[in-house]
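Have a look at the structure below before the remarks.
The values are calculated or read from the model by the stated rules, or taken from the named source; none is laboratory data. Bear in mind the structure is a predicted one, so any value in this text is a computation, not a measurement. Note: ideal-geometry Cβ built from the backbone for every residue, glycine included; neighbour counts use all protein chains shown.
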Amino acid sequence: MDTASYRLEWRELALWRGDRCLQSGLNGQLEAGQALTVRGPNGCGKTTLIRTLCGLSQPETGEILWQGIAIHRNRPDLHANLAYAGHSNGLKGDLSTRENLRFAAVLRGRHTNQNELLHGLRLTDCADLPTRNLSAGQRRRAALARVLGSGAQLWILDEPFTNLDAAGIEWLGIRFNHHLSLGGLLLMAAHQASQVDPDRETVLDLPGINA
C-alpha cells in the first residue's frame, strides 16, 4: 500500500474515567508524514486518548477511523501497521532487550539495526539481560527501541522522553523526523518539546479537568 494513503481520523470523541468526563468533542486526523503531540496537565486524559486511538480503550461516544474505515471493522489492518509503547512497556520479561527487538522485527518481516537502537538508547550494557531484571528506566527505553525497530507505519507513544538525558532526547528526535520523512505517522503524549520538525507537527493542548 502506498504510504501516502495512511490516515488515522477521530470524530467527536468523548473520554470518561468512571463518572467523570475527561474530554469531549475531540476531532482530528493524522496522515502520512505527520506527527501529533498531545499535551496537558496531569489527569486531563492524555493517556486515555492515546490508548483510545490505538483501540485499547473505548470512547464513550464518537468514532475512530483507520484508512477511512471504523477501527472496530478494520482492527487487524490497524494493528498490523501500529506499534505502541505505553506505561506497561509491552516487553516479554523472559527475553532480553535484544531478543525482544528481534521478536518484534520478525513478526513484521523486518530486519532491524539493533546495535544502533541499543547504543542510541543507552542499552548496550544490559542488552542481553532478561528485561524483567532491568530498572524501570531501562525497561522504558527498551520499549521505545522495540517500537523504533518494529517497521510499523504508525508509532503511538506515551511520554517517550521519560528517563532520557539530553543526548537521548536529541537522538530520539532525529529518529522521529526520519520516520516522518519516510511517510510514517507519529502520535505521542509528552510534557516537553517533542524535537519534531515543526512543519510536520501539530500540538493538541488538552484543558485541565475541574474538580
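Quick one: Asn115 ticks every box in (1) part of a helix (DSSP H, G or I); (2) within 20 Å of the chain's Cα centre (by Cα) bar one, so which box is it?
Of (1) part of a helix (DSSP H, G or I); (2) within 20 Å of the chain's Cα centre (by Cα), only one is false for Asn115: (2).
Could you count how many residues in region 186-211 are touching a Ser or Thr at 6+ places or on another chain (Cβ under 8 Å) and part of a loop (DSSP other than H, G, I, E, B)?
So the count comes out to 3.
Looking at region 154-185, which of the residues that are under 11 Å from the mean Cα position of the chain (by Cα) and part of a loop (DSSP other than H, G, I, E, B) is farthest from Arg102 (Cα to Cα)?
Glu159
Of everything in region 55-105, what is outside any loop (DSSP other than H, G, I, E, B) and among the polar types (S, T, N, Q)? Give them in sequence order.
Scanning region 55-105 gives Thr61, Asn74, Ser96, Thr97, Asn100.
Give the residue that is nearest to Leu148 (Cα to Cα), with candidates limited to residues of region 162-208 that are of a type in the set (S, T, N, Q), modelled with pLDDT of 90 or more and surrounded by 14 or more Cβ atoms within 10 Å (Cβ to Cβ). Even if it seems obvious, please write down each step before you answer.
As a first pass, look at region 162-208 and keep what is of a type in the set (S, T, N, Q): 162-163, 177, 181, 192, 194-195, 202.
Imposing the further condition that a residue be modelled with pLDDT of 90 or more reduces the set to 177, 181, 202.
Still in the list and also surrounded by 14 or more Cβ atoms within 10 Å (Cβ to Cβ): 177, 202.
Numbers: Asn177: 12, Thr202: 21 Å.
Here the residue is Asn177.
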